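What follows is a single structure, written as structure tokens, with notes after it.
Each reported figure results from applying straightforward, stated rules to the coordinates on display, with no laboratory input. Just so you know, these numbers come straight off a predicted model, no measurement behind them. For neighbour counting, all protein chains shown are included, and Cβ atoms are generated from backbone atoms with ideal geometry for every residue, glycine included.
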Amino acid sequence: MSTKSAPRKLPRRPASGLAERWTTVDGIDVFYRESVSPPDAPAMMHVHGFGLSGRYLLPTAERLANDFHTLVPDLPGFGRSGRAPNGLDIPDLAHAAARFLDDRGIEKVTLVGNSMGCPVILEFAHHYPDRIERAVLVSPAGGVHNQPLRRAVGQLSRDGVREPPRMVTVAAPDYLRFGVPSTVRMFRALTQYPSLARLLDLRIPTLVVLGERDPLMPHHQRVREIAERTDNHVLLVAIEGAAHAINFSHPGELAHAIRLFMADQPIVDDPDSPGHARLWEVHRSPHLPPAS
């Protein structure tokens, strides 16, 4: 199997205001989007979920592009990027993310992930602790709550009707391109990944964002109970009415929460978004910098 994607072509219509570019990482063509902000702005990379490309992350990424040097890659094997000859698991994707940042000349970064992107971030932090400033884990997937496969398929089905209808036009081509064999292999790797242990090992400020209507996650009150009984560096936030793909469905609320988190401000609802879903803080670790 070739490690290259089809001939490098940019979409006829850019999906966002971010620049769309190609590079090569470990011999694999990697498609990515990048902000045109000054390169000395703090770096922030958005990491997509299971079977998807970075396209559905763009609504949130665009809102943060004026504040951060923003990068949204399609990891190898996903979206428009090429495939590795033997497929990739969670550690492989974390290493690929690090080498992509090497290619872009970025030493330290804040990582924002959704779903499968969260285990990738946790693995990145495990192997490269000096390269990650902060972590933002949005609807982290994996672990016993999503096992067995039959249960996860049911959760995904329930989530599908809770997402905006336009999400279908974004996700369907990505899932078709990803394919059934890759889905089975990646699901196995995802459910076997020790997400909770890795999360508790983190010693950097970490924002965890949960959707109130996400069928793939335990209720936020249950997550708070676990957080309060463990030693962690987590700020836990919930968004009213949101399901799993918060980066796509509630980008205003999510970007607002990320800005407050990055500035060590208390998480409060966005006064400039009347009528939108309510955002609130559920748990704040005493290890975090005090909210100013």
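Quick notes on this one:
- This ranking places Y128, Y193 by how few other beta-carbon atoms lie within 10 Å of each, fewest first, which gives Y128, Y193.
- In a reduced charge model with +1 at each Lys and Arg Cβ and -1 at each Asp and Glu Cβ, the chain shows a dipole moment near 1060 debye about its Cα centre.
- Distance between the stretch 235-252 and the stretch 25-55 - C-alpha centres, whole angstrom: 21
- Shape of the stretch 43-87 from the C-alpha gyration tensor: prolate (a/c of 1.5 or more and a/b above b/c, with a ≥ b ≥ c the square roots of its eigenvalues).
- Additional length obtainable on full extension of the chain from Q265 to R203, 0.36 nm per residue less Cα span: 20.4 nm
- Among H219, H95, H250, the ranking by other beta carbons within 10 Å of each residue's beta carbon, starting with the fewest, stands as H219, H95, H250.
- Extended-chain gain in nm, criterion 0.36 nm per residue less alpha-carbon gap, D272 and R99: 58.4 nm
- In the stretch 170-256, chymotrypsin sites (Phe, Trp or Tyr not before Pro) in a DSSP loop with at most 16 other beta-carbon atoms within 10 Å: none
- Residue-count net charge about R158 - beta-carbon cut-off 12 Å; Lys, Arg +1, Asp, Glu -1: 0
- For the stretch 207-274: rounded, prolate or oblate by the Cα gyration tensor [a/c cutoff 1.5]: oblate
- Rounded if a/c under 1.5, otherwise prolate or oblate - the chain, Cα gyration tensor axes: rounded
- DSSP beta bridges fully contained in the stretch 19-284 are about 40 percent antiparallel.
- Listed residue (L254, V170, V25) projecting farthest to the positive dipole end of the chain, Cβ model: V170
- Our estimate of slack between H126 and A291, defined as 0.36 nm per intervening residue step minus the Cα-Cα distance, is 56.8 nm.
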